[in-house]
């Protein structure tokens, strides 16, 4: 019986393991930098937000074009009211209903049915360019939104590439910290052997153990930084919370081409977006220029009314007045001119002129900022390259110093403090050498961001 239970337990565990393995997601292959940029451009919410804003602005063009269409208003009304009427005039208002018919000289609360129905057709045959100016405003807003998409896409792609390089640098720092921990462990073990054999003082063992703890914490901090970088990278490519592995490719080597193209400000998305903002303000100014003109409206109406009241004030009674029985029509042209609007239009135009000056100043600021960043980017590439060329010498010298110091300590010619210092120097040299090439790539990324296009940078990586 026990044997049967053991076999049943064994097969149950095997079956459960197979099911769990089938349900667990397969590990994703490492992601290359180009793939990371594509994923960020496809998945990051800010790009979708900017694209949705383009759709909204584009719909505004269709909305502005509807102003060219004629207007047709339909009306049907039923009421029951008294027919008392007096001479006099009412100023335009929306509270007291209008009443028609003769003044009867009598007052009564008696009422009758009234009805009305009709259609009013209105069309503005010409507007001196006002509606066209509004359409141009909508088009410029769409261009501005589209330019904002390019800026957002460039920013997201740059962040994705920089996070990729930051994660790769953090991983290299972890490797260097692991190597340093391994050396510290070996050295601490050897010191303990010497102390146990009374060849060294006990203080040496304590110092070696302290340096070992420092190396462990250095590894812990490096691993923490790497995991934080991994989380940031996963978020920007649209996989928040997932474990994402990366493929370093040739990024640990120096790039063959370090040339930086000349700065093309006219094609940079930031400059294009700012110019689009200026065009939008100018389009609004043009609308205000076309606003102070008469409004011509061609109108035609067909309507009918019904009432249960007679001209002498008597009432027909029953259902009289429920349906319109007396019809009329009208055709004409209405011309309106808001003469005093000139003051508000002038004030609004001064506001837009001020807005144009603000947008021009922002354009100048953006151009000057890009020029300054371009100069700093070139200096950053030059400095990063010099450091990357020197770090191998630094690493080699640190390795020799660490090896010689340990050898001298073995024969009692060096102290444990000197060995600890040599190991720290070696650990820092390993980290500097590991990230030096990546810093050159990051400097080239900064230069590509200033060019407004990351495609040449991605081609270099490939």
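The values are calculated or read from the model by the stated rules, or taken from the named source; none is laboratory data. Worth saying up front: this structure is predicted, and the values here are computed from it rather than measured. Here Cβ is always computed from backbone atoms with ideal geometry, including for glycine, and neighbour counts include all displayed protein chains.
Among the listed residues 67, 81, 57, which satisfies the condition of being in a strand (DSSP E or B) and modelled with pLDDT of 85 or more?
81
Please verify whether region 263-271 includes one or more residues that are more than 23 Å from the chain's Cα centre (by Cα), loosely packed, with under 14 Cβ neighbours inside 10 Å and more than 18 Å from residue 140 (Cα to Cα).
Yes, region 263-271 contains a residue that is more than 23 Å from the chain's Cα centre (by Cα), loosely packed, with under 14 Cβ neighbours inside 10 Å and more than 18 Å from residue 140 (Cα to Cα).
Condition test on residue 327, is it in a helix (DSSP H, G or I) and either over 48 Å from the mean Cα position of the chain (by Cα) or surrounded by fewer than 12 Cβ atoms within 10 Å (Cβ to Cβ) (or both)?
no
Which is more than 22 Å from residue 449 (Cα to Cα), in contact with a helix residue (DSSP H, G or I) (Cβ under 7 Å, 6 or more places away or on another chain) and at pLDDT 90 or above, of 433, 355?
Testing whether each residue is more than 22 Å from residue 449 (Cα to Cα), in contact with a helix residue (DSSP H, G or I) (Cβ under 7 Å, 6 or more places away or on another chain) and at pLDDT 90 or above leaves just 355.
Table: residues versus (1) surrounded by 13 or more Cβ atoms within 10 Å (Cβ to Cβ); (2) not in a helix (DSSP H, G or I).
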position	(1), (2)
194	yes, no
203	no, no
211	yes, no
215	yes, no
219	yes, no
234	yes, no
256	no, yes
261	no, yes
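Taking the options 385, 380, 413, name whichever one is surrounded by fewer than 20 Cβ atoms within 10 Å (Cβ to Cβ) and not in a helix (DSSP H, G or I).
It is 413.
On the given criteria, is residue 133 over 30 Å from residue 332 (Cβ atoms) and either surrounded by 22 or more Cβ atoms within 10 Å (Cβ to Cβ) or within 36 Å of the chain's Cα centre (by Cα) (or both)?
No: the conditions fail for residue 133.
With the requirement that a residue be touching a strand residue (DSSP E or B) at 6+ places or on another chain (Cβ under 9 Å) and surrounded by 14 or more Cβ atoms within 10 Å (Cβ to Cβ), what does region 82-118 give you?
Within region 82-118, 83, 111, 112, 113, 114, 115, 116, 117, 118 meet the criteria.
Quick one: would you say residue 408 is surrounded by fewer than 16 Cβ atoms within 10 Å (Cβ to Cβ), over 30 Å from residue 101 (Cα atoms) and modelled with pLDDT of 90 or more?
no
Report, by residue number, each residue of region 175-192 that is modelled with pLDDT of 85 or more and surrounded by fewer than 21 Cβ atoms within 10 Å (Cβ to Cβ).
175, 178, 179, 181, 182, 185
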